[in-house]
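The next block holds one structure in the form of structure tokens; read it before the comments.
The values are calculated or read from the model by the stated rules, or taken from the named source; none is laboratory data. Quick caveat, the model's predicted, so the values are computed rather than measured. Counting neighbours? That spans all protein chains shown, and the Cβs are built from the backbone with ideal geometry, glycine included.
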Amino acid sequence: MRLIAGSASLCLTTTAAAAPPDTLQQRVAACIACHAVEERRDAYFPRIAGKPAGYLYNQLLNFRDGRRNYPMMTYMVAQLSDDYLREIADFFAALHPAYPPATPGSGANAGAAALARGRQLVLHGDAARKIPACVSCHGAALGGVAPAIPGLLGLPSDYINAQFGAWRSGTRRAAAPDCMADIAGRLAGDDVAALSSWLSLQAPDPAARPAAAGSLPAPLPLPCGAMAGKAAP
Ligand code: HEC
Ligand code: HEC
């Protein structure tokens, strides 16, 4: 596969000796060091394989342009063009490796009441707090929806908790209206741990793929700039 010429090397180290790799395969090898295709290495490292291409692309732009903050990610994409980031996003979106067995993160300690609350929020939401069901946007099977809503299964509970913390503190942002930031603000403190625990304990269906764009009822229960194809500010 040919790649669009990128100015930056994606070497993991900062030593400048090696010539820039010249295939997409070589470039993404650096990503796989952390986003292992086949096994989850760390409670905070999300799986990226198989997520909708538009979602992955938006996140790469978000790290590059400062709307998400993780220094190593910013470093990896800082010098790359929009076109090249799209090519990387398409590459990972097309991969569908097997899922590893769930690793027990903090979700492993959740009690029955918390798991019941988590399941309730994911499948039905909470009308009193104006929280729509997660399935109403992330798809009935929680496998994500094209072009820009990710699946929620196969993510470590600690990663999910960290993302809700980032939405609440404003260190993770998406195109306005930022529906996930709104939802994060409406959830009670215990709710995040409850839903992340329940989600992390559900076995993903290896055959699941992001649902087609038209499969969600329109309009979405809350507007999301990411799904409207809007450029983030
Ligand atoms: C040193 C480890 C490391 C390397 C190397 C790395 N990443 Fe990441 N990446 C992370 C971590 C950790 C996160 C989660 C950060 C956070 O909590 O927001 C992340 C997040 C992401 C996300 C967002 C995932 C989601 O579900 O929202 C994408 C997309 C991504 N990385 C793609 C890449 C690509 C493409 C490369 C190679 C060019 C790469 N990463 C290299 C550690 C790494
Ligand atoms: C109105 C639609 C909508 C609803 C309802 C919704 N989400 Fe989302 N969610 C999104 C969109 C859009 C994104 C992508 C945001 C971005 O581009 O950063 C997202 C992203 C996420 C992510 C990031 C995944 C990753 O890999 O980093 C998590 C976690 C998440 N949502 C959890 C939830 C949970 C839990 C609920 C239910 C309480 C929920 N969402 C309800 C639209 C929605």
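Return the residue satisfying two criteria in turn: it lies in region 146-173 and is over 24 Å from P100 (Cβ atoms), in contact with a Phe, Trp or Tyr (Cβ under 9 Å, 6 or more places away or on another chain) and hydrophobic (A, V, I, L, M, F, W, C), and of such residues it is farthest from ligand 1 (Cβ to nearest atom). Applying the filter and picking the extreme gives A146.
Among the criteria (1) in contact with a strand residue (DSSP E or B) (Cβ under 7 Å, 6 or more places away or on another chain); (2) without any contact (Cβ under 8 Å) to a residue 40 or more places away in the chain, the one A207 does not fulfil is (1).
Screening A78, A30 for residues that are modelled with pLDDT of 80 or more and loosely packed, with under 14 Cβ neighbours inside 10 Å leaves exactly one candidate, A78.
Only a single item in (1) modelled with pLDDT under 95; (2) within 19 Å of the chain's Cα centre (by Cα) is not met by A133, and it is number (1). For region 97-118, the criterion of a residue being aliphatic (A, V, I, L, M), modelled with pLDDT under 95, within 14 Å of ligand 1 (Cβ to nearest atom) and part of a loop (DSSP other than H, G, I, E, B) is satisfied by no position.
Every residue, every condition in (1) within 14 Å of G125 (Cα to Cα); (2) within 16 Å of ligand 1 (Cβ to nearest atom), yes or no:
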| residue | (1), (2) |
| --- | --- |
| D178 | no, yes |
| A184 | yes, yes |
| P210 | no, yes |
| L216 | no, no |
| P219 | no, no |
| P223 | no, no |
| M227 | no, yes |
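Residue-by-condition table, conditions (1) among the aliphatic types (A, V, I, L, M); (2) modelled with pLDDT of 95 or more; (3) touching an Asp or Glu at 6+ places or on another chain (Cβ under 9 Å); (4) not in a helix (DSSP H, G or I):
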site	(1), (2), (3), (4)
L155	yes, no, no, yes
A166	yes, yes, no, no
I183	yes, yes, no, no
V192	yes, yes, no, no
W198	no, yes, no, no
P204	no, no, no, yes
A208	yes, no, no, yes
P217	no, no, no, yes
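Scanning region 188-204 for residues that are within 11 Å of ligand 2 (Cβ to nearest atom), aliphatic (A, V, I, L, M) and touching a residue at least 40 places away in the same chain (Cβ under 8 Å) gives A194, L195, L199.
Reported count of residues in region 33-61, each being of a type in the set (D, E, K, R) and at pLDDT 80 or above, is 2. Would you mind telling me which numbered condition in (1) within 16 Å of ligand 2 (Cβ to nearest atom); (2) in a helix (DSSP H, G or I); (3) at pLDDT 95 or above D90 fails? The one condition D90 does not meet is (1). For the condition closer than 23 Å to G225 by Cα and out of contact with any helix residue (DSSP H, G or I) (no Cβ under 6 Å at 6 or more places or on another chain), Q59 qualifies.
With respect to L123, is the statement that it is within 12 Å of ligand 2 (Cβ to nearest atom), part of a loop (DSSP other than H, G, I, E, B) and over 23 Å from C34 (Cα atoms) true? So L123 fails the test. Among the numbered criteria (1) over 28 Å from L201 (Cβ atoms); (2) more than 14 Å from the chain's Cα centre (by Cα), which one does G107 miss? Tallying (1) over 28 Å from L201 (Cβ atoms); (2) more than 14 Å from the chain's Cα centre (by Cα), G107 fails exactly one: (1). Quick check on region 188-224: of everything there that is surrounded by 19 or more Cβ atoms within 10 Å (Cβ to Cβ) and not aliphatic (A, V, I, L, M), which residue is nearest to A110 (Cα to Cα)? Looking at the filtered set, the residue picked out is S197.
Matching residues to (1) β-branched (V, I, T); (2) more than 24 Å from L56 (Cα to Cα):
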residue: D90; (1), (2): no, no
residue: Y99; (1), (2): no, no
residue: G107; (1), (2): no, yes
residue: G111; (1), (2): no, yes
residue: L115; (1), (2): no, yes
residue: Q120; (1), (2): no, yes
residue: K130; (1), (2): no, yes
residue: V135; (1), (2): yes, no
residue: L142; (1), (2): no, no
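G154: within 21 Å of K51 (Cβ to Cβ) and either free of Cβ contacts under 8 Å to residues at least 12 places away in the same chain or surrounded by 19 or more Cβ atoms within 10 Å (Cβ to Cβ) (or both), yes or no? Considered against the rule, which asks whether it is within 21 Å of K51 (Cβ to Cβ) and either free of Cβ contacts under 8 Å to residues at least 12 places away in the same chain or surrounded by 19 or more Cβ atoms within 10 Å (Cβ to Cβ) (or both), G154 comes out as yes.
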